[in-house]
1. Touching a strand residue (DSSP E or B) at 6+ places or on another chain (Cβ under 9 Å) and either part of a helix (DSSP H, G or I) or in contact (Cβ under 8 Å) with a residue 40 or more places away in the chain (or both): is that true of ARG78 in this structure?
2. Given the residues LEU148, LEU165, LEU161, which is the only one that is closer than 17 Å to GLY207 by Cα, modelled with pLDDT of 95 or more and within 14 Å of the chain's Cα centre (by Cα)?
3. Do we have any residue at all in segment 89-97 that's hydrophobic (A, V, I, L, M, F, W, C) and within 10 Å of ALA179 (Cβ to Cβ)?
4. So which residues in segment 173-201 are surrounded by 16 or more Cβ atoms within 10 Å (Cβ to Cβ), of a type in the set (Val, Ile, Thr) and more than 26 Å from ASN107 (Cα to Cα), if there are any at all?
5. Does THR67 qualify as being surrounded by 12 or more Cβ atoms within 10 Å (Cβ to Cβ) and under 19 Å from VAL195 (Cα atoms)?
6. So which residues in segment 27-62 are at pLDDT 85 or above, among the polar types (S, T, N, Q) and touching a Phe, Trp or Tyr at 6+ places or on another chain (Cβ under 8 Å)?
7. Just to verify a result, which residue in segment 95-129, among those that are over 30 Å from GLU84 (Cβ atoms) and charged (D, E, K, R), is surrounded by the fewest Cβ atoms within 10 Å (Cβ to Cβ)?
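The values are calculated or read from the model by the stated rules, or taken from the named source; none is laboratory data. Bear in mind the structure is a predicted one, so any value in this text is a computation, not a measurement. Virtual Cβ from ideal backbone geometry, glycine too; neighbours counted across all protein chains shown.
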Amino acid sequence: MQASGHWAGEIWNRNPNGELEPEWLTLSAIKNSEGEISHYVNVFSSVGELIKRQRYLEHAANHDALTGLPNRLLLADRMSVAMELALRTQTLLAVCYLDLDGFKPVNDHWGHEAGDEVLKQVAVRLKSLMRKCDTVARLGGGEFVLLLGNMTNLTDCDSFLTRVLAEIERPTPIAQGFAYVSASIGVTVFPLDNVPAMTLLVHADQGLYQAKNSGKSCFSYCSALPRQ
């Protein structure tokens, strides 16, 4: 302000109701005929709704519209952070590619509204199993990705995924009655599988293919993954 005579930025102020809200302040100095500052002119603009809209757009860009879970874009960021943490803490990160078995018949028999309800309930169940260090994302259709961090051995991962399978197999209430789906899961583990993030997803997808061929409703590690 002293250097240029102008300043603009975001501040917090109280509105006429006494509530705090963000405002955009433009401050200008007015000088008299001698070049001395005689007045300041402040222009306040409420930006609360603009910020809400910006946050909404940011959330929409990074989350699945149906389930509210992180989408593929946010998953890539979460994977990068989780991989760095695994290296720093010398722990394991399980990358799990999950696909719902029997989901297509739900859509075909009861319609897409029933299918959407199943997806939303599956998302809630998966979130209930996740720890703070974990992430569950939806890629589309009946496909989800689980990032399970802070693992010390593959036995821990086996136990966790067994619980996931059991949770998904519980009957799902829908308007027409109950829908029954299960899950097949492909798994790879970083840094035992020391490849870039997107390649980890490819390897987990290969494990998913193996799980499907093994009869579904199970999990399978990528064949290239060295076991401890």
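1. For ARG78, the condition - touching a strand residue (DSSP E or B) at 6+ places or on another chain (Cβ under 9 Å) and either part of a helix (DSSP H, G or I) or in contact (Cβ under 8 Å) with a residue 40 or more places away in the chain (or both) - is met.
2. Numbers: LEU165 fails: within 14 Å of the chain's Cα centre (by Cα); LEU161 fails: within 14 Å of the chain's Cα centre (by Cα).
Criteria check complete, one pass: LEU148.
3. Looking for residues that are hydrophobic (A, V, I, L, M, F, W, C) and within 10 Å of ALA179 (Cβ to Cβ), one finds none in segment 89-97, hence no.
4. If the condition is that a residue be surrounded by 16 or more Cβ atoms within 10 Å (Cβ to Cβ), of a type in the set (Val, Ile, Thr) and more than 26 Å from ASN107 (Cα to Cα), then VAL187, THR188, VAL189 are the ones that fit.
5. Working: surrounded by 12 or more Cβ atoms within 10 Å (Cβ to Cβ): yes; under 19 Å from VAL195 (Cα atoms): no.
So THR67 does not fit the description; no.
6. The one that is at pLDDT 85 or above, among the polar types (S, T, N, Q) and touching a Phe, Trp or Tyr at 6+ places or on another chain (Cβ under 8 Å): SER28.
7. We begin by selecting, within segment 95-129, every residue over 30 Å from GLU84 (Cβ atoms); these are 100-121.
Keeping just the survivors that are charged (D, E, K, R) gives 101, 104, 108, 113, 116-117, 120.
Working: ASP101: 20, LYS104: 13, ASP108: 10, GLU113: 12, ASP116: 15, GLU117: 19, LYS120: 15.
Ranking the qualifying residues of segment 95-129, first place goes to ASP108.
Here is a yes/no grid of residues against (1) touching a residue at least 60 places away in the same chain (Cβ under 8 Å); (2) touching a Gly at 6+ places or on another chain (Cβ under 8 Å); (3) closer than 15 Å to ASP101 by Cα:
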position: VAL124; (1), (2), (3): no, no, no
position: MET151; (1), (2), (3): yes, no, no
position: VAL181; (1), (2), (3): yes, yes, yes
position: VAL187; (1), (2), (3): yes, yes, no
position: SER220; (1), (2), (3): no, yes, yes
